[in-house]
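*Asks:* One structure follows; several queries about it will come next.
The values are calculated or read from the model by the stated rules, or taken from the named source; none is laboratory data. Note that the structure is predicted; figures quoted are calculated from it, not measured. All Cβ positions, even for glycine, are placed from backbone atoms using ideal geometry, and neighbour counts span all protein chains on display.
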Amino acid sequence: MPVYYNLTYQDEPLSIDSIGSHWEQPTVSRPSGYPYYHWMQTESGVGEIFLEGKRIVLKEGQGILIAPFVAHQYFSHRSSEWTTSFATFNGSLANEIGQIVGNAPYLLAEEQPYFSFFEWVETQIQQQVSNPSMDSVELSIACYQFLMQLSRFQEKHSSQKHELYVTYVQPIIEEIETNYREALTVEQLAEKVFVSPQYLSRLFQRFLGMSTYAFLLRYRLNKAKELLINRQELEVQQVAYLVGFKDTSHFVATFKKESSYTPLEFRRLHR
């Protein structure tokens, strides 16, 4: 259960006041809230959060960003074990975070094919382990990127009511989530919604910030990461096949290009 505090000097625009993962989350009650923006995400189990007169259930992969000084309390659902990862943000521009994520008392988000909030936390912890005197400017940039992904998540979900998203993008996402193991191509996917591959990719770029192929690739790689961590008995070749890669060498090269690690290196990091 690693936890670190004050990773950089607070005179940087953005910094991390505290960060941790695999935390066996106890019951917490803060009638006056917390002084910094506080991100918390469920790794396993289920949590319940009460704030702003609402009850929020936080399931695996789901997270919440709570604004400073918002009264809240949280605890495990039905007294079961609840494991979380978290990060709190400060810095010289901490008061401006609201302009990045919107001035709401809280934001809800969850793991996405294009970005993993959990992996971001794990990466910052791994960097702290390997390099305690890490570059504060780089960390400030990483914090900004994290907050921008939260903002992007909100924009994405507001756009999901758009007619074009519902008609063309959503069915393809569901197709990918169901059949990512199969030999899918962008051409085949486009045929399912009766548009050209180019038009479909423009819609994906508009609503998700990436092409259809990039979304499919990212989804497969995220599924591969899940298998590498949770199914230690599987060989890399088996993992590649289970997520839709028919060529192991291509899988390894693609995995390393996207994550900076080979599949085996990634598995060792999370063993």
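*Asks:* Exactly one of these conditions fails for Leu200: (1) within 22 Å of Glu163 (Cα to Cα); (2) at pLDDT below 95. Give me its number.
*Replies:* Going through (1) within 22 Å of Glu163 (Cα to Cα); (2) at pLDDT below 95 one by one, Leu200 breaks only (2).
*Asks:* Any idea how many residues of region 23-82 are without any contact (Cβ under 8 Å) to a residue 12 or more places away in the chain, more than 22 Å from Gly102 (Cα to Cα) and in a strand (DSSP E or B)?
*Replies:* Residues that pass the stated criteria total 0.
*Asks:* Then there's this: Output the number of residues of region 91-112 satisfying the condition of being in contact with a Ser or Thr (Cβ under 8 Å, 6 or more places away or on another chain) and within 13 Å of Cys143 (Cα to Cα).
*Replies:* At the first step, the residues of region 91-112 found to be in contact with a Ser or Thr (Cβ under 8 Å, 6 or more places away or on another chain) are 91, 100-102.
Next, from what is left, pick out any that are within 13 Å of Cys143 (Cα to Cα): 91, 100-101.
So the answer is 3.
*Asks:* From the list Glu191, Glu187, Glu122, which one is modelled with pLDDT of 85 or more, closer than 25 Å to Val239 by Cβ and not β-branched (Val, Ile, Thr)?
*Replies:* Going through Glu191, Glu187, Glu122 in turn, just one is modelled with pLDDT of 85 or more, closer than 25 Å to Val239 by Cβ and not β-branched (Val, Ile, Thr): Glu122.
*Asks:* Scan Ala142, Ala183 and give me the residue that is assigned by TED's automatic domain parsing to the domain that holds Gly98 and not aromatic (Phe, Trp, Tyr).
*Replies:* Ala142
*Asks:* Quick check on region 194-221: of everything there that is crowded, with 17+ Cβ neighbours inside 10 Å and charged (D, E, K, R), which residue is nearest to Gln154 (Cα to Cα)?
*Replies:* Among those that are crowded, with 17+ Cβ neighbours inside 10 Å and charged (D, E, K, R), it is Arg218.
*Asks:* Filter region 28-51 for residues that are of a type outside the set (Ser, Thr, Tyr), closer than 26 Å to Phe115 by Cβ and over 14 Å from the mean Cα position of the chain (by Cα) and give the result. Let's see the steps before the verdict.
*Replies:* If we filter region 28-51 for residues that are of a type outside the set (Ser, Thr, Tyr), which is where we start, we get 28, 30-31, 33, 35, 38-41, 43, 45-51.
Imposing the further condition that a residue be closer than 26 Å to Phe115 by Cβ reduces the set to 38-41, 43, 45-49, 51.
Answer for region 28-51, where residues must be of a type outside the set (Ser, Thr, Tyr), closer than 26 Å to Phe115 by Cβ and over 14 Å from the mean Cα position of the chain (by Cα): His38, Gly45, Val46, Gly47, Glu48, Ile49, Leu51.
*Asks:* Could you tell me whether any residue of region 95-110 is without any contact (Cβ under 8 Å) to a residue 24 or more places away in the chain, under 29 Å from Phe215 (Cβ atoms) and either surrounded by 17 or more Cβ atoms within 10 Å (Cβ to Cβ) or not β-branched (Val, Ile, Thr) (or both)?
*Replies:* yes
*Asks:* Give the number of residues within region 22-40 that are farther than 16 Å from Ala104 by Cα and surrounded by fewer than 20 Cβ atoms within 10 Å (Cβ to Cβ).
*Replies:* Number of matching residues: 10.
*Asks:* Now for a different question. For region 112-126, name all the residues that are among the aliphatic types (A, V, I, L, M) and either surrounded by fewer than 18 Cβ atoms within 10 Å (Cβ to Cβ) or free of Cβ contacts under 8 Å to residues at least 24 places away in the same chain (or both).
*Replies:* Correct list: empty.
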